[in-house]
Amino acid sequence: MPTRREPPEVTLVATGRGSDLHNAARFGIRVVEARDPSAWQLWRSLGRMHLGSPTGKDALLLDLDVGQGPLARRLRSMRRDDPIGRACGLAKRTEMPTVLDPTAGLCRDAMALATLGCHVVAIERIAALAFLANDAIESSWLAERLRVVGGESLPTLAGMAGDRPPDVVYLDPMFRTPGDAQVKKDMQVCRALAGPPEDEAPLLRAALAVARERVVVKREVGGPALGDGVSFVVPGERVRFDVYLRPGAPR
Ligand SMILES: C[S@@+](CC[C@H](N)C(=O)[O-])C[C@H]1O[C@@H](n2cnc3c(N)ncnc32)[C@H](O)[C@@H]1O
């Protein structure tokens, strides 16, 4: 397995809110007193948390608003027979499954699944991404069904087999090449902080060992499957979902 590159440090500019300090400690983010435009930072402006890269020609700036704007519209328009819902087996069931998302990123897919009624635990190793997603989720209706955990997923998956395993594991490792689906600003931020994928095969193996019903892997159109044994494929607009059904699980 290739060695992981160290992600750039992202600090939080002190906001005066106790909950921000609490979450900084929870996700392991260092708090600093002042905004520094030459560094990656999280800061609150007009009530909303922002994540930005050092300023310059290719500077990246992001906030996650689940109340209004494109993300909110995407969530409001979600249907169970959308590709991600069909891939996770939601279209045909009445009781929604529990989902583990071990490659949570900014949790947009996890938010979509929670909006559709799933109870989701989302794990993300890049602290700043977990912090930003958690900030957006914590103060919204999503908090009832979506919990963000910071850290490495492999040990969690390994420890899960005997202990209330999820019905579905939803995997979205970084694509090898930033195709159409990963050129958006939020994916550029994820790529800049998370770097290329390096443990996707062990993640799939661990996911297959714990999922009670299925493992869903989001892939780039035309890209190779992550592993053998794909049961069926659900095509999406700019991505596809490879579904690995567990023995005896309903399609
Ligand atoms: C393509 S992004 C996921 C985007 C996400 N589906 C969304 O909707 O925002 C992949 C993420 O998986 C995370 N990741 C990859 N391997 C991981 C691991 N073993 N443990 C925790 N996080 C991991 C990366 O840090 C990266 O943020």
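The values are calculated or read from the model by the stated rules, or taken from the named source; none is laboratory data. What you see is a predicted model; the values in this text were computed from it and never measured. So basically every Cβ, Gly included, is an ideal-geometry build from the backbone, and we count neighbours across all protein chains shown. Ligands, DNA and RNA are excluded from the accessible area calculation, which covers all protein heavy atoms including side chains. Shrake-Rupley method; radii C 1.70, N 1.55, O 1.52, S 1.80 Å.
Just a few scattered comments:
- Exclusive hit being touching a Ser or Thr at 6+ places or on another chain (Cβ under 8 Å), more than 26 Å from LEU60 (Cα to Cα) and either more than 9 Å from the ligand (Cβ to nearest atom) or at pLDDT below 95 (or both), set VAL189, VAL168: VAL168
- Whenever a residue of region 127-156 is over 13 Å from ALA114 (Cα atoms), its partners that are of a type in the set (Asp, Glu) and crowded, with 21+ Cβ neighbours inside 10 Å, lying with C-beta atoms within less than 6 angstrom and at least six residues away or across chains, give the pairs ALA130/GLU124.
- Those residues of region 44-78 which are out of contact with any Phe, Trp or Tyr (no Cβ under 8 Å at 6 or more places or on another chain), open to solvent by less than 80 Å² (accessible area, probe 1.4 Å) and part of a loop (DSSP other than H, G, I, E, B), in sequence order: GLY47, GLY56, ALA59, LEU60, ASP63, LEU64, ASP65, VAL66, GLY67, GLY69, SER77, MET78
- Selection of region 8-43 for residues being in a loop (DSSP other than H, G, I, E, B) and exposed (fewer than 15 other Cβ atoms within 10 Å of the Cβ) yields PRO8, GLU9, GLY16, ARG17, GLY28, ARG30, GLU33, ALA34, ARG35, ASP36, PRO37, SER38.
- Some residue of region 83-93 being without any contact (Cβ under 8 Å) to a residue 12 or more places away in the chain, surrounded by fewer than 18 Cβ atoms within 10 Å (Cβ to Cβ) and over 24 Å from PRO235 (Cα atoms): no
- Count - residues of region 83-111 that are more than 20 Å from ARG147 (Cβ to Cβ) and either within 14 Å of the ligand (Cβ to nearest atom) or not assigned by TED's automatic domain parsing to the domain that holds VAL149 (or both): 2
- Criterion (modelled with pLDDT under 95 and under 30 Å from ARG30 (Cα atoms)) met by exactly one of ASP101, ASP109, ASP63: ASP63
- Scan region 79-110 for residues that are assigned to a loop (DSSP other than H, G, I, E, B) and either of a type in the set (Val, Ile, Thr) or within 17 Å of the chain's Cα centre (by Cα) (or both) and the total you get is 8.
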